[in-house]
1. Could you work out [θ]222 nm for the chain from helices alone, using -39500 (n - 2.57) per DSSP H run of at least four and dividing by all its residues? Round to the nearest 500 deg cm²/dmol.
2. Angle, helix 217-234 long axis vs. longest principal axis of the chain, Cα atoms, 0 to 90°, nearest 10?
3. Once you keep just the Cα pairs under 8 angstrom separated by 6 or more residues, what percentage relative contact order results for the range 244-326?
4. Which order do the peptides 436-446, 55-65, 299-309, 212-222 come out in when sorted by mean C-beta neighbours inside 10 angstrom, highest first?
5. Under the classification rounded if a/c is under 1.5, otherwise prolate if a/b is larger than b/c and oblate if not, where does the chain fall, given a ≥ b ≥ c as square roots of the Cα gyration tensor eigenvalues?
6. Could you state the number of Å between the C-alpha centres of the range 123-143 and the range 359-377?
7. Please work out the Cα center distance from the range 254-295 to the range 429-460, rounded to the nearest Å.
8. Quick one: which of 391-397, 121-127 comes out on top by average Cβ neighbours within 10 Å, and what's the full order, highest first?
Ligand SMILES: [Zn+2]
């Protein structure tokens with residue numbers, strides 16, 4: 001006897017699709033196979049005509065801090081409704097600057113405690129990356145404890161008031177290599193972006209169409225080249241976040257060819273695979289994200305590099321902001337970021353599978369399997385017996401129109417507003433518990449747990 005049997009669906013693995021039932025007992029998947037071989041269940045879920053996939057693992061979100069108005073409750077509910085069963089947020093090393101309210105600098109370990117204290121209402125699971133925001137050597141004293149706290153990935157920025165210079169980053173790569181931890185890189189050359197921004201401000205170029213020109217593709221590629229080169233020299237594993245353009249994807253492809261996927265992995269985000277810079281005319285500052293949404297050819301490059309394997313993962317870079325915080329007169333006064341936790345799977349499925357003919361296993365690799373392997377979540381990312389019953393049931397044939405009116409996030413807009421997509425999340429399970437059912441949250445707040453991650457190798 002098991003608790004739940006998901007019957008009659010098409011199970012999607014990282015390599016295949018099979019007609020099979022999935023048995024869940026407690027928090028785990030206990031069997032996958034044909035119905036005759038299944039144990040007797042207490043309840044059955046009819047998945048006829050639907051895909052049964054591992055829940056989406058989103059390794060790049062911003063929740064409940066200076067880069068998002070979402071709380072863990074609103075964000076994890078958006079995640080559950082969108083088929084995401086685990087996300088990885090950021091534990092910030094506190095810094096003093098224009099972008100934060102901190103009055104004194106702090107540690108990454110304090111950042112981990114701060115985020116975990118905010119997460120008691122979560123309904124899906126979450127992990128954390130550490131983020132180094134200051135060139136303070138004291139950070140090297142705590143890195144081992146950060147890794148031991150289940151946080152083996154450390155984010156570094158090359159831009160903004162918390163960007164690091166090459167010299168300090170070089171030292172961080174050495175330290176992470178010693179700990180067998182890895183670096184997560186936001187790469188945009190700060191001097192290029194700052195210079196162009198100041199020039200546009202002086203020239204009064206505040207219309208949103210100017211925004212992408214302030215952070216050009218080559219600025220991303222230059223910074224990626226420098227950071228990846230230093231990481232490879234140090235023997236430090238490198239994960240490039242939000243790759244947005246052909247130029248930086250080509251840089252990463254070169255290093256990956258030379259050093260192998262054991263050393264270098266990368267992601268793009270849904271919006272870089274689906275939107276081009278004509279969106280600024282349409283939606284003003286709402287789609288302002290860094291790096292910016294690029295040209296149509298960059299969208300093609302994202303798919304070429306997803307197919308070639310340079311890009312392993314598609315994330316959201318979710319930031320929950322309101323229209324009011326975005327639609328200001330000049331783009332430089334707007335918040336950077338957009339929400340997508342609730343729309344990621346349906347939008348990317350529609351673009352990749354329906355419009356471009358990619359397979360369901362490809363979808364599972366980019367959204368679940370690869371992020372689980374890269375970020376050290378061996379119990380997640382597949383439907384293998386023994387792993388967590390984090391499952392999304394997805395009807396690939398249902399068509400609906402995306403609107404922010406459905407948002408569980410505090411964000412009152414969507415950069416996909418009005419987009420008709422075919423494919424809808426019908427049910428989401430997190431560790432065996434049904435959390436979202438036909439557009440409603442049905443789990444109690446607090447079901448979501450902190451996931452201590454391991455530093456696992458990238459030989460897969
Ligand atoms: Zn981000």
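Read-outs throughout are calculated quantities, based only on the coordinates presented, and are distinct from any laboratory measurement. Small disclaimer: the values here were computed from a predicted structure and weren't measured. Heads up, the Cβs are rebuilt from the backbone with ideal geometry, glycines too, and the neighbour counts pull from every protein chain shown.
1. On the way: 15 runs with 137 residues, N = 460.
That calculation yields -8500 deg cm²/dmol at 222 nm.
2. It works out to around 80 degrees.
3. Working: 96 pairs, mean separation 34.9, N = 83.
Here the relative contact order equals 42 percent.
4. Numbers: 436-446: 15.2, 55-65: 26.3, 299-309: 18.4, 212-222: 21.3.
Sorting 436-446, 55-65, 299-309, 212-222 by mean packing, highest first, produces 55-65, 212-222, 299-309, 436-446.
5. Numbers: a/c = 1.60, a/b = 1.37, b/c = 1.17.
Here the chain falls in the prolate category.
6. Spelled out, the Cα-based centre of one part sits 24 Å from the other.
7. Cα centres, the range 254-295 to the range 429-460: 26 Å.
8. On the way: 391-397: 21.6, 121-127: 25.3.
Top to bottom by mean Cβ count within 10 Å: 121-127, 391-397.
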